[in-house]
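Enquirer: Take a look at the following structure, please.
Every read-out reported here was derived from the displayed coordinates using simple, explicitly stated rules and does not represent laboratory data. Because the structure is predicted, anything quoted here is derived from the model rather than measured. So basically every Cβ, Gly included, is an ideal-geometry build from the backbone, and we count neighbours across all protein chains shown.
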Amino acid sequence: MIRHIIFIIAISLWTVVSFGQTDSIKEKIRLINSCTASLDTLIPLRDGDAAIIDSLNGQVTDLLLEILNNKNIVRYKIESLLHLHKTISPDKKLIVFSFFENTGGSYKSHINIVYYRLPDGEPRGGKLAFCKQDRGVGNDYGGTIDEISILKSKGKTKYLCRGGGISCNTCEFSYTALLSISDSSLQTDFCLDLDYRQGDGNVHYDPKTKTLSYRYTVSRDDILYGTGCDDGQEIAGNRCGHSGQYRFNGDTFVRAHK
């Protein structure tokens, strides 16, 4: 009952905002915080909760995009007002906000919104998407971004964003993306997207050499990942090992020769 009362309150606030009775950024931030708090109390498999969860996820996403693209957002310390998971670049010019969708199932999906400012100072916000083709064009990134590093490139700043998530009860993925801000948008200059069983892989970044190194192993008998050793190295225990490196060449990351 408490969950549904909270939901009704959130819907009421949403209606007020939607019909233009207030354009207060702070009010919308309060609504975002209220909705995400409500999300954490809901159970996806409970009757009626799934529809509520879908509605709240949509409302929070729409509100975030609305306020982050509002020119007046630059007057607020948005990173301290929003009660969301957030990762901030060292120069504080790029922030990735995320929240847990709570949709049930083994894929622990998150919604990620990137906030940045164009060179002319205009604020922008947009959804973070996977760039790997076999995940589908425009497929929203579902993990979290946990670390952002800065790389200098021909007078420009590039942001190395690293994170990952849980893709099934025993699966995890690692995601690395190199982002840059152009005159009109956010661009993805490189990405590394790897899936494997939990605990069977990792990706490491060395800031001194500006090198990304990865390694993971899979079992030949794994019904999900066991595709043979055609592009890996056979190791003991009926397993295949995969590894590699990418080095920053001043513009993007390129595969290093073994």
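Enquirer: Kirkwood-based Rg over Rh for region 87-174 (C-alpha set), two decimals? Show your work: numbers first, answer last.
Expert: Working: Rg = 14.3 Å, Rh = 14.2 Å.
With Rh from the inverse mean 1/r over Cα pairs, Rg/Rh is 1.01.
Enquirer: Right, here's the next one. At 7 Å along the Cα-to-beta-carbon direction for both Gln198 and Glu147, put a label point, then send me their distance in nm to one decimal.
Expert: For the pair Gln198/Glu147, the computed spacing is 2.1 nm.
Enquirer: Using the structure shown, select from Lys28/Lys208; Lys77/Lys127; Lys26/Lys93 the pairs with a Cα to Cα distance greater than 32 angstrom.
Expert: Lys28/Lys208
Enquirer: Something else now. Rank Ile111, Ile78, Leu65 by how far each Cα sits towards the positive end of the charge dipole of region 20-149 (+1 on Lys, Arg Cβ; -1 on Asp, Glu Cβ) and give me just the farthest.
Expert: Positive-end residue among those listed: Ile78.
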